[in-house]
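Beneath this line is the structure, given in structure tokens, with notes to follow.
The values are calculated or read from the model by the stated rules, or taken from the named source; none is laboratory data. These numbers come from a predicted model, not from an experiment. So basically every Cβ, Gly included, is an ideal-geometry build from the backbone, and we count neighbours across all protein chains shown.
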Amino acid sequence: TRIGMHYDDQLRDLHALPYEQLGELKRTIAKCRDEELEHLDTAVDHGARRAPLYKLQFELIKGGCGVAIWLCERI
């Protein structure tokens with residue numbers, strides 16, 4: 001979820017730029033976002049929400065992703 005939102009943020013930023021040459025980069029980021037969200041959907045379809053401690057795992061992973069994104073944006 002957090003990674004998908006990060007990709008969406010990147011796409012919004014790129015769409016705001018006036019450069020036509022960014023088309024391939026936009027398509028690549030959109031493809032990565034779509035694949036990431038497809039992985040989430042697949043996990044849910046296969047019962048991920050019924051896993052022991054699902055909510056805790058979900059929040060820990062989401063938080064870890066948020067920290068990793070925050071760090072990468074500053075490096």
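One residue stands out in the stretch 14-34 among those that are modelled with pLDDT under 95 and of a type in the set (Asp, Glu): the one that is surrounded by the fewest Cβ atoms within 10 Å (Cβ to Cβ), namely 20.
Residue by residue, here is whether (1) touching a Pro at 6+ places or on another chain (Cβ under 9 Å); (2) over 23 Å from residue 70 (Cβ atoms); (3) of a type in the set (A, V, I, L, M, F, W, C) holds:
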residue	(1), (2), (3)
6	no, no, no
18	no, yes, no
21	no, yes, no
45	no, yes, no
53	no, yes, yes
56	no, no, yes
